[in-house]
Amino acid sequence: MRPEPCVRRDVHGSVMVIRIVNPARKNALDINAYTLLSEFLAQAEKNSEIKSIVITGHDEYFCSGHDVEDFLNNPIQDETHPVFQFMLRMSQCKKPIIAAVEGFAVGIGVTLLLHCDLVYAGRSSFFKMPFTSLGLCPEFAATFIIPNFSTHCIATELLVLGRTWKADRFCEKGFVNELCEDGEAFNTAMNSAEELALLPTESAIRTKQLIKNNFSHNSEKSMREELAQLIDLFESGSFTKKPK
């Protein structure tokens, strides 16, 4: 019997909803999940009826990051790894991507938000990037985006110390557009997705491209620099199952 997919896709009118559904692992992502995420984003890009994309979690979580066991068994060795292919696909996506966060976002569950066009979060949600405590370094261009869109000190607190931030502080620093009452982030995201869908498609796509031109070039450069460091850390045996 085939296991249930840990990432599911639904279409609501002109909006594709991509939902991370892995409750046994608190919505952690494994290589199969990354493959599905890439496939669904590609489908949304190709389908002219889809105008916007919403990414959300399931139950009380958004995403707890990489599935550590899966990551140990399938380490990143080069750019062909499903996690890096997903990063490229998401960072290059032309259509607007909106995130709806409830509960917690950890690791790549946070860094993928940095590439969304709009982010909505429940007031009780929180964010954490514990890469260094796992013997890793950040990914998905976090080391470019966070210091360049906040400060070096903020980047150190988030990426080196890996401290947990509550939603209000994450919003205050501009990483979340709006705080919602708990349980309402998805509805708020869908409202914006439908608003975007009413805009002339080509003008919305071109405006997003103009906004992200320099950002995209530098973030992809950073992603490749981070990848090289991650591979080196894997090979050195630095990666651990539990935060130190």
Quick one: which residues, 5 or more positions from F131 or on another chain, have an amide H under 5 Å from its amide H? H modelled 1.01 Å from N in the peptide plane, none for Pro or chain starts.
none
For the chain, give the share of DSSP beta bridges that are antiparallel, in percent and rounded to the nearest 5; count only bridges with both residues there.
30
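Rounded if a/c is under 1.5, else prolate if a/b beats b/c, else oblate: with a ≥ b ≥ c from the C-alpha gyration tensor eigenvalues square-rooted, which is the chain? Could the numbers behind the result be given before it?
Details: a/c = 1.37, a/b = 1.31, b/c = 1.05.
Taking the square roots of the gyration eigenvalues as a ≥ b ≥ c, the chain is rounded.
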Taking placed amide H atoms and a strict 5 Å upper bound, the residues 5 or more places from C6 or on another chain that come that close are none
Taking every DSSP bridge whose two residues both lie in the range 3-111, the antiparallel percent to the nearest 5 is 40
Over 27 Å (Cα to Cα) among K51/K166; K46/K128; K94/K173; K46/K166; K46/K208; K51/K128 -> K51/K166; K46/K128; K46/K166; K51/K128
Can you work out the base-10 log of I(q)/I(0) for the range 140-203 at q = 0.22, 0.27, 0.29 1/Å, using the Debye formula on its C-alpha atoms alone?
-0.94, -1.08, -1.16
Mind listing the long-range amide H neighbours of I55? Cut-off is under 5 Å, sequence gap 5 or more, other chains count too, H placed in the peptide plane at 1.01 Å from N.
I18, I98, A99, A100
Diffing the range 113-121: the Karplus 3J(HN,Hα) column from phi (6.51, -1.76, 1.60, θ = phi - 60°), in whole Hz with x for Gly and Pro, holds 5, 5, 9, 7, 8, 9, 9, 10, 9
Please list 3J(HN,Hα) in residue order for the range 189-202, calculated via the Karplus relation 6.51 cos²θ - 1.76 cosθ + 1.60 where θ = phi - 60°; whole Hz, with x for glycine and proline.
5, 5, 4, 5, 4, 6, 5, 4, 5, 7, 6, x, 4, 5
What is the pair-distance distribution P(r) of the range 102-190, computed from all Cα-Cα distances in 5 Å bins starting at 0, with each bin given as a whole percent?
3, 15, 26, 28, 15, 9, 3, 0
Quick one: 3J(HN,Hα) in Hz for the range 178-184, Karplus 6.51/-1.76/1.60 with θ = phi - 60°, rounded, Gly and Pro as x.
7, 8, 10, 4, 3, x, 10
When a/c is below 1.5 the answer is rounded, else prolate if a/b is larger than b/c, else oblate, so apply that to the range 34-129 with a ≥ b ≥ c taken from the square roots of the Cα gyration tensor eigenvalues.
oblate
In the full protein assembly as shown, how much of E4 is accessible to a 1.4 Å probe, in Å² to the nearest 10?
140
Over what distance in Å are the Cα centres of the range 1-52 and the range 196-225 separated?
21
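The values are calculated or read from the model by the stated rules, or taken from the named source; none is laboratory data. What you see is a predicted model; the values in this text were computed from it and never measured. The area values use the complete protein model at the heavy-atom level, side chains included, leaving out ligands, DNA and RNA. Shrake-Rupley method; radii C 1.70, N 1.55, O 1.52, S 1.80 Å.
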